[in-house]
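Read the figures in this text as sums done on the coordinates, not as results from a lab. Just so it is clear, the model here is predicted, and its values are computed rather than measured. Neighbour counts run over all protein chains shown; Cβ positions are idealised from the backbone, glycine included.
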Amino acid sequence: MALKGLDIFKLSPKTNCKECGVPTCMAFCMKVAQGALPIEKCPHMGADVIAKLSEATAPPMKTIQVGDFKMGGETVLARHEKTFVSKNLYAVSVSDADADADAKLAEMTKVDYERIGERMFVEMVFVTYAGNKDAYVELAKKAAAVPGRAVILDVNCPETAEAALEAIKDAKPVLNGATEENAEAMNALAVKYGVVLGVKADSLDALYDLTAKIEGLGNKNLVLNASTASIKAAFQFAVEIRRAAVKNTDRTFGYPVIVNAAALAAGDKTMQAALASLFTLKYGSIIVMEGMNYAQALPLYGLRQNIYTDPQKPMKVEPGIYPLNGADENSVCAVTVDFALTYFVVSGEIERSGVPCNLLISDAGGYSVLTAWAAGKLSASSIAKFFNEMDIAGKIKNRTLILPGKVAVLKGEVQDKLPDWNIVVGPTEAVQLVQFLKDYK
Amino acid sequence: MAKFITIGERIHCISPSIREAMATRNPEPILKRAKEQLDAGATYLDVNIGPAENDGEELMKWAVTLLQSEFDNVPLCLDTANKKAIEAGISVYNRSKGKPIVNSADAGDRIENIDLAAANDAIVIALCSAHGIAADNDERMMHCQNMLERGMSLGMEETDLWFDPLFLVVKGMQDKQMEVLEAIKMFSEMGLNTTGGLSNNSNGMPKNIRPIMDSAMIAMAMMQGMTSAIVNPCDQRLMETIKSCDVLKNNVLYADSYLDL
Amino acid sequence: MPFKNKPQTFSAAIKPVELGTGDKAITIGGENVLPLYSFDAPIENAPKVGVEISDTMLETAPARLKEFYAGCETMADMAKKAAELPGVSFICLHFESADPNGADTSADDCVAAAKAVSEAVDLPLVIMGCKNNEKDSELFNKVSDALQGKNILVLAAKEETYKAVGASAGLAFNQKVGAESSVDINLAKQLNVLMTQLGVKQDSIVMNVGNAAAGYGFEYVVSTMERVRLAALGQNDTTLQMPIMTPVAAETWGVKEAIASEADMPEWGDVEERGVDMEVVTATAVLAAGSDAVILRHPESIATVSKLISELM
């Protein structure tokens, strides 16, 4: 529960000694309440007061670690306000009732590729308990054996949970199963095995009370489950939990949320893709699906990569030669910058043209063409240097190089630096490339 | 951040035509000045009926009803030393466009206007002075604390007390200007709202200079986090400055036509 | 202490805009909550899904989409089929072939096709051009004239064309006008101001603030829509309180993920499923960011997205 400045002020020394660097105790306390200053800045606060307040002045949403993966720690509701810090994770669900559980586990590792420097794969296995304890423990072992993935044990039965935990304790799975009925037992297990505990309840009010109760038992290593009753309820859970934490600094809800899209739209792959999109934008930290094929993965991972980009830092692609439409050493070359958006738009248009073309991405600091040019990062000498370092002339026999139309002014200088090449000025907008390349051919 | 709030000051009984209109309950001059100010972009209108010791209650009710019915429940700032008149005004006030503002309380004799605002769920302008101008920012902060504690103990939201550091006249108190601006920054960093009678700083200056001085002052005050001011909205330079500062502060989205909006 | 739910409702609201006439007329906008937050306050007009019928799309359509329109010879034939799809609230005619650098179909021929559609179906019509400013202005002018009284939406007027398009479609022929900016929030606002100053009524303006396919700089789309919504509702910026319509299909069916053949990309699997998922994921994301209407192409996408919307209301 957040404290107001005045509540803190009541506990302060009220001496206006200015040792904290703020003119008055009142002003200091207001700043502490806003999270602008730590309470420890005041040398005269009693230890008991600090203990009481440090809780209230902690970050609004906890960062929870599962294996190599980090969730939560968000401080804003919209990415433009600052940035989102922990990308959401995708999980695939299997259960001990699935005849094809082994196949699903094998299938889930098939989506594994790189996009702009980020590895795209399903990070977690969500192992749901359907009633067969021995089969469940075996399945948990198999899930834990999938390399590089974290496991979520989705099980509400303490006895089964303990057996599964014991079997895969080194994997440090999430124990997703604290309900109003079993909270004490499940909490004891989570503490014993040192794992994150997942909390479940039917309503927001009940979830809040249960989370407060488990916090009261001393456990703050939690994740919360969105409702699986309906899509609307799941969305409401995800939004209200995040909003309570970040906007209203209600720390009881300051935990990551699991959304079980597999349960919300069982058997409907397309709907699960839609739900994954919705919850990637709005506040799911773990999104569980029945499976993840390339059709789903390509848009979803692209979306996630976009949403979790730091607005302050442009996304960059690796400099190099990108042969498109089956281009080889005899195909024409086009050069542009390493700003990811530029790369995608330009490569997309070239692909649409169907004309074989070597797209040359030069290091321009991740700026767009005009910005890079203005900053001196796309110039005749930067292009010449790139040609040298990459040994373009040695790798490609064709001697035609298309320059972005927006830097037509560079033509003369580039021609001077690369005298063997025929420098051609391309269109100013990528969308004109299709026509340009077709005409040129 | 919210857009800067301008409180139009031109319905004031110090103006002979307004005083006359109020005395005779003649709507026209009042509506004319209200329209001018709203067209120029004022958010709130200040309604100063003077001390109005005799017929204050009836006069304030008349003025509130007149302005709100004519101008789509325009939010108003009720400005008089007569507390009963303020309460009467609030009793007929429509809140759909914003809470009424009580103008004003201080940390001295007029501190009870905070109680009045609290009892009526109104905003109150809280002058950081008790008896005369505060000597320094320590005194301003002390007054601020006193009034804030009083308001909050009565259940007010802290953001409903709009602290007025009191702008000081440059011709005479030039060396105190930065201190006023620093006070605004302190209030702002505490998350509090601020306001004040801006034009006081340019009192006594030639007419053609005042808009320039007022514009510079408002820009500096907005930089310090000031959230509203009592101004003459018909001062075009001033309003253009405020709109520009609102853009720079990201309070309002920029568009090429931003000055027309 | 129990959970204190604080619904985030705003005193400002998006201005409702009506499209079409009669029983099948639709209203987009009107909400006073953030996108899809129907738990904060009821959203009277659920976001709408429209079907895009382009006059060139069948040339490159994947198998099941082609099959859906099998036997259709004209846009009117296609529109009749599309209008039967559950979840479709309006029809968007996309005259890509009008491009002077392409087939250069004349504006008159496009208008004739639009007229035939308006006689064949009673759903509201949205008209998209070919992105050539001059040709689009001519097309929008003629189609607005020919379909007077049908309350159509022309998508859209841009910075370069707003005077002509606003004056004809918006003022002379009393149709609804789209204001198109490409992921430029200041221009989005400025266009609304300019159109209003021209005399187009606020409830006759719909925004298209731009789009991209998921993965293709889509963060700019999200942030533009979210900022427009926060300014409209949170700051009560009346110049941004117009509903947003986003043509999704036109972006998503052109990206590699949706068109690369299975021969080229064997591990990616069925090309049509990829196209559908790209359309669905992008559409869902623009709805969550602030769109009041989306334009989709594939019947399977339309089924999923319209179902999702109704689940969320």
Mind telling me which of A:174, A:137, A:407 comes out most flexible in a GNM of chain A, alpha-carbon contacts under 10 Å?
A:407
Provide Rg and Dmax in Å for region A:19-135, with only Cα atoms included in the calculation.
22.9, 69
Check region B:159-261 and count each lysine pair with an alpha-carbon distance under 24 angstrom, considering only pairs eight or more places apart or from different chains.
7
Alpha-carbon Rg with Dmax, taken over region B:1-158, Å:
15.8, 46
Kindly express, to the nearest 10 degrees and within the range 0 to 90, the angle between helix A:231-246's C-alpha long axis and the longest C-alpha principal axis of chain A.
80
Listed by chain and number, the residues whose amide H is under 5 Å from that of residue C:179, excluding neighbours fewer than 5 places away on the same chain and using placed H, are C:157, C:206, C:207, C:208
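When you count, for each residue, the other Cβ atoms within 10 Å and take the mean per peptide, how do A:87-97, C:58-68, A:431-441 rank with the highest first?
Working: A:87-97: 22.6, C:58-68: 14.5, A:431-441: 16.1.
Descending packing order for the listed peptides: A:87-97, A:431-441, C:58-68.
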Which one, C:85, C:34, C:296, has the greatest fluctuation when you compute a Gaussian network model over chain C with C-alpha springs under 10 angstrom?
C:85
Two-decimal Rg to Rh for region B:118-261 - Kirkwood Rh, Cα set
0.99
If each of residue B:157 and residue A:438 carries a label point 7 Å out from its Cα toward its Cβ, how far apart are those two points in nm?
5.9
Mind checking which lysines have their Cα closer than 27 Å to the Cα of residue A:377? Skip sequence neighbours fewer than 8 apart in that chain.
A:82, A:313, A:316, A:385, A:395, A:397, A:406, A:411, A:417
For peptide C:219-227, compute the average count of partner chain beta-carbon atoms within 10 Å of each residue's beta-carbon.
5
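Take every Cα-Cα pair in region A:320-440 and report what % of them are more than 23 Å apart. Walk me through the numbers before you get to the answer.
Numbers: 1435 of 7260 pairs.
Of the Cα pairs, 20 percent sit more than 23 Å apart.
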Crossing angle, helix A:183-193 versus chain A [Cα axis fit, 0-90 degrees, rounded to tens]
60
log10 of Debye I(q)/I(0), alpha-carbon scatterers only, for region C:17-312 at 0.17 Å⁻¹:
-1.53
For chain A, what is the charge dipole size about the Cα centre, in debye to the nearest 20, if Lys and Arg each add +1 at the Cβ and Asp and Glu each add -1 at the Cβ?
1480
In chain A, how does Rg compare with the Kirkwood Rh, expressed as the Rg/Rh ratio over alpha carbon atoms?
1.09
For residue A:222, residues with placed amide H under 5 Å, excluding near neighbours:
A:197
Output the 0 to 90 degree angle, nearest 10, between the alpha-carbon long axis of helix A:294-307 and the longest principal axis computed from the alpha carbons of chain A.
80
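Could you tell me the relative contact order of region C:17-312? Use alpha-carbon pairs under 8 Å, at least six residues apart, and round to a whole percent.
Details: 579 pairs, mean separation 59.9, N = 296.
Once divided by the residue count of region C:17-312, the mean separation gives 20 percent.
So what is the relative contact order for region B:31-94, in percent, with contacts set as C-alpha pairs under 8 Å and at least six apart?
On the way: 79 pairs, mean separation 25.6, N = 64.
RCO, region B:31-94: 40 percent.
Please state the equivalent ellipsoid semi-axes for region A:69-205: what are the square roots of 5 times the Cα gyration tensor eigenvalues, largest first, in whole Å?
26, 22, 13
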What is the ratio of the Cα radius of gyration of region A:5-56 to 2.2 N^0.38 Å, with N the residue count, to two decimals?
0.95
Mean per-residue count of partner chain Cβ within 10 Å for A:265-277 equals 6
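Mind pulling up the Rg/Rh value for region C:74-230? Radius of gyration and Kirkwood radius, both on Cα.
On the way: Rg = 15.6 Å, Rh = 16.1 Å.
On the Cα set of region C:74-230, Rg over Rh gives 0.97.
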Phi-derived 3J(HN,Hα) across region A:132-145 with the Karplus relation (6.51, -1.76, 1.60, θ = phi - 60°), rounded Hz, x for Gly and Pro, is 9, 4, 5, 4, 5, 5, 4, 5, 4, 4, 5, 5, 5, 7
Taking 2.2 N^0.38 Å as the expected size of a compact globular protein, what ratio does the Cα radius of gyration of region C:231-308 give against it, to two decimals?
1.35
Report P(r) for region A:177-280: all Cα-Cα distances, bin width 10 Å, range 0 to the bin holding the largest distance, values in whole percent.
16, 45, 30, 9, 0
The protein assembly as shown: C-alpha pair distances exceeding 53 Å, %
28
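For region B:46-137, build the convex hull from the C-alpha positions and give me its volume per residue in Å³.
Per residue, the Cα convex hull of region B:46-137 comes to 93 Å³.
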Qualifying lysines (Cα of each under 27 Å from Cα of residue A:169; at least 8 residues distant if same chain):
A:62, A:70, A:87, A:104, A:110, A:133, A:141, A:142, A:192, A:200, A:213, A:220
Note down the magnitude of the dipole of chain C about its Cα centre, charges +1 on Lys and Arg C-beta and -1 on Asp and Glu C-beta and zero elsewhere, to the nearest 20 debye.
1220
Once you charge only the Cβ atoms, +1 for Lys and Arg and -1 for Asp and Glu, what is the size of the charge dipole of region B:134-261 about its Cα centre, to the nearest 20 debye?
460
The Cα extents of region C:51-133 along the principal axes, largest first and rounded to whole Å, are 35, 28, 19
Partners for residue A:232 among aspartates and glutamates (Cα-Cα distance below 15 Å; same-chain residues under 8 apart left out)
A:202, A:240, C:40, C:311
In vacuo Debye sum over C-alpha of region B:1-77, base-10 log of normalised intensity I(q)/I(0) at q = 0.18 Å⁻¹, listed in q order, is -0.67
Most mobile listed residue (C:88, C:154, C:271) in chain C, GNM with C-alpha springs under 10 Å
C:271
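Is there a simple number for the mean count of other chain Cβ atoms within 10 Å of the Cβ of residues in A:239-250, and what is it? If you can, show how the numbers build up before the last one.
Numbers: counts 6, 8, 1, 0, 7, 4, 0, 0, 2, 4, 0, 4.
Across A:239-250, the average partner-chain Cβ count within 10 Å equals 3.
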Compute the signed sum of charges (Lys and Arg +1, Asp and Glu -1) over the other residues within less than 11 Å, Cβ to Cβ, of residue C:214.
-4
Between residue C:241 and residues 5 or more places away or on another chain, which pairs have amide H atoms under 5 Å apart, with H built 1.01 Å from N, and which residues are they?
none
